[in-house]
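Beneath this line is the structure, given in structure tokens, with notes to follow.
Just so you know, all these numbers are worked out from the coordinates, no wet-lab data involved. Nothing here was measured: the structure is a model prediction, and the numbers come from that model. Virtual Cβ from ideal backbone geometry, glycine too; neighbours counted across all protein chains shown.
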Amino acid sequence: MSLLQRIKRQIEQDGPLSVSDYMALCLGDPKAGYYTAATPFGRKGDFITAPEISQMFGELIGLWCVSLWRKIGAPEKYTLVEMGPGRGTLMSDLMRAAKIDADFVQATDIRLLEISNKLRKSQGETLKEHADKVGWIDSLEEVRDHPAIFIGNEFLDALPFRQYVKKDEHWHERMVGLQGGKLTFVADVGIYPEAGLPDACQGQPEGTIFEVAPAREAIVSRISRHIASHGGAALLIDYGHCQSGFGDTFQAVAGHQYADVLKKPGQVDLTSHVDFEALERAVQANGKVDVTIVDQGRFLLEMGLLQRAGMLGSGKNTGVQEELRAAVERLAAPDQMGTLFKVMMLAPHGISGLDFPDQ
Ligand code: SAH
């Protein structure tokens with residue numbers, strides 16, 4: 001039975017599914033989930049991520065990790081955790097750039113948090129050279145009680161989120177139900193207490209949608225607790241907004257095009273924009289960790305994107321130089337990934353995530 005048929009049957013038996021449960025099934029179902037069963041990345045896949053656009057992305061993150069590791073006192077025992085490593089490209093580029101600091105490489109113990117067995121295999125293949133350092137984890141609970149540097153590119157957006165919709169003067173959870181045999185959005189019959197939502201939700205017009213992502217907040221909160229207790233830092237990159245707002249950001253992508261979120265469950269990528277303000281609040285609740293959020297374009301330029309492109313292109317033919325120019329543009333230009341994507345850095349009080357090394 002297809003995932004679509006199973007979802008329909010479940011709705012017939014138990015009633016509508018929350019957006020969060022629907023997304024978790026579509027992405028993580030062991031047999032037919034998008035991440036567990038499909039091959040999503042790259043030029044031939046459904047979407048292309050920054051590490052797959054250019055090696056420079058992972059290399060500059062590598063320089064950031066080396067710099068932060070030095071700043072936290074160059075601990076000999078520490079873990080480099082990557083969440084949702086895709087094909088392992090970012091980690092491979094990171095480790096190559098990190099060779100500028102042999103002590104860092106020596107100290108690094110890599111743990112990959114990955115839901116898909118298929119992708120775990122592909123990560124192992126890409127990271128063969130570092131096989132003695134690499135291991136996989138199912139949860140951040142497994143990260144040892146040492147300092148840890150956490151990184152993740154387009155990981156948070158893939159974690160399930162919830163939506164609430166204003167209808168008949170009340171807020172209701174937005175659900176996926178069935179109408180005429182087709183999946184459709186419906187408002188939950190129960191009223192969601194306005195007291196459980198931010199003040200800004202009061203007085204909003206009918207049809208307004210508000211999103212929350214407890215799973216993302218829980219992860220970020222867990223990371224900040226780890227940094228506060230054991231030391232470390234984090235670099236989380238995703239598309240989203242720096243101020244919480246209203247609106248439906250649930251989206252599906254297939255074959256590099258936007259698709260319908262309710263059609264072809266398991267065969268399209270589902271994400272929503274990350275609300276960085278909510279994540280910042282989750283970190284601040286901890287009280288011991290500082291947060292810095294900048295646009296991806298600014299982060300990469302300050303880390304030396306142009307210099308790196310210049311080095312890689314030097315003495316090469318115009319085809320290679322043109323490819324590098326296009327990659328710089330794609331990663332950093334404001335009308336491309338430069339401003340939509342944000343970089344959130346966490347570091348212990350007094351250590352700035354933004355103090356870039358000299359280039
Ligand atoms: N960072 C990579 C891949 C981004 S796609 C890149 O930039 O190319 C999201 C990644 O997160 C995939 O590797 C996916 O399998 C993984 N993932 C999604 N949900 C997850 C979960 N709940 N736990 C662990 N990994 C997850």
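Determine the dipole magnitude for the stretch 85-149: charges of +1 sit on the beta-carbon of Lys and Arg, -1 on that of Asp and Glu, nothing else is charged, the reference point is the Cα centre, and the result goes in debye to the nearest 20. Provide the component values of the computation, followed by the final result.
Working: 10 positive and 12 negative charges, 72 e Å.
Rounded to the nearest 20 debye, it is 340 debye.
If I model a spin label at residue 208 and residue 39 as a point 7 Å from the Cα along the Cα→Cβ vector, what separation in nanometres do I get?
4.6 nm
Output needed for the chain: three equivalent-ellipsoid semi-axes, defined as square roots of 5 times the C-alpha gyration tensor eigenvalues, in descending order, whole Å.
On the way: eigenvalues 251, 109, 82 Å².
Rounded to whole Å, the semi-axes are 35, 23, 20.
Under unit Cβ charges (Lys, Arg +1; Asp, Glu -1), what dipole magnitude, rounded to 20 debye, does the stretch 203-326 have relative to its Cα centre? Numbers along the way, then the final one.
Values: 11 positive and 15 negative charges, 100 e Å.
That gives a dipole near 480 debye.
Would you mind ranking 293, 191 by Cβ crowding within 10 Å, fewest neighbours first? All intermediate terms of the calculation are to be shown ahead of the outcome.
Values: 293 18, 191 14.
Placing the least packed residue first, the sequence is 191, 293.
Most exposed first by the Cβ proxy, i.e. fewest other Cβ within 10 Å, how do 95, 1 rank?
On the way: 95 23, 1 9.
Arranged by neighbour count, lowest to highest, 95, 1 become 1, 95.
Please arrange 63, 346 by how many other C-beta atoms lie within 10 Å of their C-beta, fewest to most.
On the way: 63 20, 346 28.
The fewest-first ordering by Cβ neighbours comes to 63, 346.
Work out how much length residue 320 to residue 146 would gain on full extension: take 0.36 nm times their residue separation and subtract the Cα-Cα distance, in nm to one decimal.
58.4 nm
For the stretch 230-292, run through the chymotrypsin sites (Phe, Trp or Tyr not before Pro) and keep only the ones in DSSP coil with at most 16 other Cβ atoms within 10 Å of their Cβ.
Numbers: sites: 239, 246, 250, 258, 276; in loops: 246, 250.
Counting only loop positions with at most 16 other Cβ atoms within 10 Å, the chymotrypsin sites (Phe, Trp or Tyr not before Pro) in the stretch 230-292 are 246.
Applying 1/(1 + (r/R0)^6) with R0 = 22 Å to the Cβ-Cβ distance of residue 103 and residue 136, what FRET efficiency is obtained, to the nearest 0.05? Don't skip to the answer; put the middle values down first.
Details: r = 25 Å, r/R0 = 1.14.
Taking R0 as 22 Å, the efficiency between residue 103 and residue 136 is 0.30.
So which of 77/128; 44/342; 31/133; 44/99 end up more than 24 Å apart, counting from Cα to Cα? Numbers along the way, then the final one.
Numbers: 77/128 22 Å; 44/342 26 Å; 31/133 30 Å; 44/99 31 Å.
From 77/128; 44/342; 31/133; 44/99, over 24 Å: 44/342; 31/133; 44/99.
Tally the DSSP beta bridges in the chain and give the antiparallel ones as a percent, rounded to 5. Walk me through the numbers on the way to the answer.
On the way: 36 of 59 bridges.
Here the share of antiparallel DSSP bridges comes out near 60 percent.
Restricting to Cα pairs below 8 Å that are 6+ residues apart, what does the relative contact order work out to for the stretch 1-94? Please round to a whole percent. Show your work: numbers first, answer last.
Values: 62 pairs, mean separation 19.8, N = 94.
Relative contact order of the stretch 1-94: 21 percent.
Taking every Cα atom in the stretch 23-102, find the radius of gyration and the maximum pairwise distance Dmax, and write them in Å.
Radius of gyration, then largest Cα-Cα span, for the stretch 23-102: 15.7, 45 Å.
Once you order the gyration tensor axes a ≥ b ≥ c over the Cα atoms, which shape class does the stretch 135-191 get: rounded for a/c under 1.5, otherwise prolate or oblate by comparing a/b with b/c?
Working: a/c = 3.74, a/b = 2.56, b/c = 1.46.
In terms of gyration-tensor shape, prolate.
What helices in the chain pass both tests, a Cα length along the helix axis of 15 Å or more and a mean Kyte hydropathy of -0.5 or higher, using whole DSSP H runs?
Values: long enough: 3-14 (16 Å, -1.15); 55-71 (24 Å, 0.50); 214-230 (23 Å, -0.25); 318-332 (21 Å, -0.18).
Both cut-offs are met by 55-71, 214-230, 318-332.
What does the C-alpha gyration tensor say about the overall shape of the stretch 247-359? Classify as rounded when a/c is under 1.5, otherwise prolate if a/b is larger than b/c, or oblate.
Oblate, since a/c reaches 1.5 and b/c is not below a/b.
Tell me the relative contact order for the chain as a rounded percent, counting alpha carbon contacts under 8 Å between residues six or more apart. Don't jump to the answer; show the numbers that get you there.
Numbers: 688 pairs, mean separation 69.4, N = 359.
It comes to 19 percent, rounded to a whole number.
Note down the nm distance, to one decimal, between modelled labels 7 Å out along Cα→Cβ at residue 120 and at residue 5.
2.9 nm
Given charges of +1 on the Cβ of Lys and Arg and -1 on the Cβ of Asp and Glu, with all other atoms neutral, how large is the dipole of the chain about its Cα centre, in debye to the nearest 20?
Numbers: 37 positive and 48 negative charges, 193 e Å.
Its charge dipole is roughly 920 debye.
For the stretch 68-84 and the stretch 103-175, compute the distance between their C-alpha centroids and round to whole Å.
16 Å
Report the label-to-label distance for residue 330 and residue 129 in nanometres (one decimal), using points 7 Å from each Cα along the Cα→Cβ vector.
Using points 7 Å along Cα→Cβ, the separation is 2.2 nm.
Is the stretch 173-267 best put as rounded, prolate or oblate by its Cα gyration tensor, with a ≥ b ≥ c the root eigenvalues, rounded for a/c under 1.5, and otherwise prolate when a/b is larger than b/c, oblate when not?
Oblate, since a/c reaches 1.5 and b/c is not below a/b.
In deg cm²/dmol, rounded to 500, what helix-only [θ] at 222 nm does the chain give when every DSSP H run of at least 4 residues adds -39500 (n - 2.57) and the total is split over its residues? Mind dumping the intermediate values first?
Values: 13 runs with 129 residues, N = 359.
Mean residue ellipticity, 222 nm, calculated: -10500 deg cm²/dmol.
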